[in-house]
Amino acid sequence: MTTPVTPRLREMRWWDIDAVLELEKDLFPEDAWSRGMFWSELAHARGPEATRRYFVAEEAAEGGRLVGYAGLAAAGDLGDVQTVAVGRDHWGTGLGGRLLTELLRAATDFECAEVMLECRIDNIRAQKLYERFGFEAIGFRRGYYQPGNVDALVMRLTDPATSVQGTEING
């Protein structure tokens, strides 16, 4: 019996977009991001003026399959989780928590005092993950996810640095 290998986390690059889009369309068929949206985000993820940080999770084998991704935008002292996605075959493995930990570390690097996010109101699995990290529900955005007209739960975490103290990732 072989032991499952923990996916490796690394910075997302432009050549990851096709694989990310495959996951995106599988996980979020009604409101998937476009190729252009990912390109735009990655355009702001490098260099001294970077305001974005994106990560992918890939299986350890050479040319490993992407099984998750996540992104954060920063503006001033506010961070915004743009996306966290984990392939269905990796649900329940802790990968979502590892990706979120990296986003909160990035928020700390960007000197964000708080981090916000929107989560589909019907995505209880994600809400529980965010709550474990200290996010609290602060409101709703009606019809936020289109074209399905699904409401978003708005959540906030104050002081992301304390949320990631003592956490470790394999990567």
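The values are calculated or read from the model by the stated rules, or taken from the named source; none is laboratory data. A quick note: this is a predicted structure, and the numbers were derived from the prediction, not measured. All Cβ positions, glycine included, derive from the backbone under ideal geometry; neighbour counts span all protein chains shown. Note: accessible area is taken over every heavy atom of the protein model, side chains too, but ligands, DNA and RNA are not part of it. Shrake-Rupley method; radii C 1.70, N 1.55, O 1.52, S 1.80 Å.
Which residue out of ALA19, ALA73 is of a type in the set (A, V, I, L, M), under 14 Å from LEU103 (Cβ atoms) and surrounded by 12 or more Cβ atoms within 10 Å (Cβ to Cβ)?
ALA73
Looking at the stretch 45-70, which of its residues are open to solvent by less than 20 Å² (accessible area, probe 1.4 Å) and modelled with pLDDT under 90?
Result: GLY64, single match.
Under the condition of being open to solvent by 20 Å² or more (accessible area, probe 1.4 Å) and not in a strand (DSSP E or B), which residue from the stretch 130-153 is nearest to THR101 (Cα to Cα)?
Restricting to residues being open to solvent by 20 Å² or more (accessible area, probe 1.4 Å) and not in a strand (DSSP E or B), the top hit is PHE133.
Could you list all residues from the stretch 25-66 that are aromatic (Phe, Trp, Tyr) and over 17 Å from LEU95 (Cα atoms)?
If the condition is that a residue be aromatic (Phe, Trp, Tyr) and over 17 Å from LEU95 (Cα atoms), then PHE28, TRP33, PHE38, TRP39 are the ones that fit.
Looking only at the stretch 27-44, count how many residues are at pLDDT 95 or above, charged (D, E, K, R) and more than 15 Å from the chain's Cα centre (by Cα).
Counting residues in the stretch 27-44 that are at pLDDT 95 or above, charged (D, E, K, R) and more than 15 Å from the chain's Cα centre (by Cα) gives 1.
Step by step: first the residues of the stretch 154-169, then only those that are within 16 Å of the chain's Cα centre (by Cα) and either part of a strand (DSSP E or B) or small (Gly, Ala, Ser) (or both), then the one that is farthest from LEU100 (Cα to Cα). Which residue is that?
VAL154
Residues to consider are ARG98, ARG88; find the one that is closer than 24 Å to ILE17 by Cα, open to solvent by less than 40 Å² (accessible area, probe 1.4 Å) and basic (Lys, Arg).
Answer to the selection: ARG98.
In this structure, is GLY92 part of a strand (DSSP E or B) and without any contact (Cβ under 8 Å) to a residue 12 or more places away in the chain?
No, not satisfied.
I'd like the residue in the stretch 103-126 that is assigned to a helix (DSSP H, G or I) and within 26 Å of PRO29 (Cβ to Cβ) and, out of all such residues, is most open to solvent (accessible area, probe 1.4 Å).
Checked the stretch 103-126; the qualifying residue most open to solvent (accessible area, probe 1.4 Å) is ARG125.
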